[in-house]
Amino acid sequence: MNRLQEIIEEMKRLEKELIAEIQKKEDKFFYKVRGNNVLFEENIKKYHKNFVVKLHDYLLTSSLLNILVMPIIWFCLVPAVFLDAVVFVYQHICFKVYGIPAVKRNEYIVIDHESLRYLNVIEKINCMYCGYFNGLIAYVQEIGARTEQYWCPIKHARRLKTMHSRYGRFFEYGDCEEYRKRLEEVRRDFNDLKADD
């Protein structure tokens, strides 16, 4: 295993540790996650209701500019839903042909803020939008990462701002010998995904 792969493995380990730490908050804030449901104790639900900002007050204290640009934000939902449909069809056809494991949409698009009783209806809708949109981008990125691993698993020469999940498996930029020798092996190397399931 090369040093880059070791760093990526360490990042994955730290990410799992971070998730475990976040999950410890369940006890601190008195909720439990059961499947796709978030369950609060009854007394906590009542307590949360004390913090709801009434719609009238929420709208009166909102910036006029925020209200004016809202249609632009919500218009982005149209291409997002189209993108969602296209990548769903793409992966369910092409990934079967290529032998690439499918990306599980529900692991990326998480909408669970409706359980928070301290949010008013506008805040809940906004949270649903953000959960959907950001989850969709992560879902699409993973589909793109797996596609790139199959078709062009070569690292970039120029520095990237972020790296996707499959990047550590890619060939070094300019390493023509390894690329030609191991392309078929790398384009089918999704064993780590099976281990995660």
Practice prompt. Could you rank THR61, THR147 by how accessible they are, 1.4 Å probe, largest area first?
Written response: THR61, THR147
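When only Cα pairs under 8 Å and 6 or more residues apart are kept, what is the percent relative contact order across the range 1-147? Each step should come with its number before you reach the end.
Values: 82 pairs, mean separation 38.2, N = 147.
After rounding, I find 26 percent.
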Discussion item. Let me make sure I get this right: for the range 38-127, a, b and c are the square roots of the gyration tensor eigenvalues over alpha carbons, sorted descending. Under 1.5 in a/c it's rounded, otherwise prolate if a/b > b/c, else oblate. Which is it?
Written reply: oblate
Worksheet item: Once you put a point 7 Å from the Cα of LYS96 and another 7 Å from the Cα of LEU65, both along the Cβ direction, what distance in nm separates them?
Response: 5.0
Response to the item:
Going through LYS25/LYS104; LYS16/LYS181; LYS24/LYS124; LYS16/LYS45 one by one, the pairs whose alpha carbons sit over 32 Å apart turn out to be LYS16/LYS181
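Counting Lys and Arg as +1 and Asp and Glu as -1, what is the net charge of the other residues whose Cβ lies under 12 Å from the Cβ of ASN2? Let's see the in-between values first.
On the way: positive: ARG3, LYS155, ARG169; negative: GLU6, GLU9, GLU172, ASP175, GLU178.
Net of charged neighbours comes to -2.
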Worksheet item: Which of the following values of semi-axes √(5λ) of the Cα gyration tensor in Å was calculated from the structure shown: [x] 23, 20, 15; [y] 40, 22, 16; [z] 28, 21, 13?
Response: [y]
Discussion item. Tell me the mean residue ellipticity at 222 nm calculated for the chain from its helices only (DSSP H runs of n ≥ 4, each -39500 (n - 2.57), averaged over every residue, nearest 500).
Written reply: -18500 deg cm²/dmol
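What does the C-alpha gyration tensor say about the overall shape of the range 88-197? Classify as rounded when a/c is under 1.5, otherwise prolate if a/b is larger than b/c, or oblate. Show your work: numbers first, answer last.
Numbers: a/c = 3.24, a/b = 2.16, b/c = 1.50.
Because a/c hits 1.5 or more and a/b exceeds b/c, the range 88-197 counts as prolate.
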Worksheet item: What FRET efficiency, computed as 1/(1 + (r/R0)^6) with R0 = 25 Å and r the Cβ-Cβ distance, is obtained for PHE75 and GLN141, rounded to the nearest 0.05?
Response: 0.65
Worksheet item: Quick one: ranking TYR108, TYR47, TYR132 by accessible area, 1.4 Å probe, largest first, what do you get?
Response: TYR47, TYR108, TYR132
Worksheet entry | Accessible area per residue in Å² at 1.4 Å probe, computed on the range 1-150 | 71
Worksheet, complete the sentence: Listed by chain and number, the aspartates and glutamates with an alpha carbon less than 17 angstrom from that of LYS32, same-chain partners under 8 positions apart left out, are GLU21, GLU41, GLU42, ASP112, GLU114
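If Lys and Arg each add +1 and Asp and Glu each add -1, what is the summed charge of the other residues whose beta carbon sits under 15 Å from the beta carbon of GLU184? Intermediate values should be presented prior to the final figure.
Numbers: positive: ARG169, ARG180, LYS181, ARG182, ARG187, ARG188; negative: GLU177, GLU178, GLU185, ASP189.
Within the 15 Å Cβ shell, the charges total +2.
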Item to complete: Quantify, in whole percent, the carbon and sulfur part of the accessible surface of the chain (1.4 Å probe; protein heavy atoms only).
Response: 62
Worksheet item: By the gyration tensor of its Cα atoms, with a ≥ b ≥ c the square roots of the eigenvalues, what is the shape of the range 139-197: rounded for a/c under 1.5, prolate for a/b over b/c, or oblate?
Response: oblate
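The values are calculated or read from the model by the stated rules, or taken from the named source; none is laboratory data. Not measured: the values here are computed from a predicted model. Reconstructed Cβ throughout: ideal geometry from the backbone, glycine too, with neighbour counts over all protein chains shown. Only protein heavy atoms, including side chains, enter the accessible area calculation; ligands, DNA and RNA are left aside. Shrake-Rupley method; radii C 1.70, N 1.55, O 1.52, S 1.80 Å.
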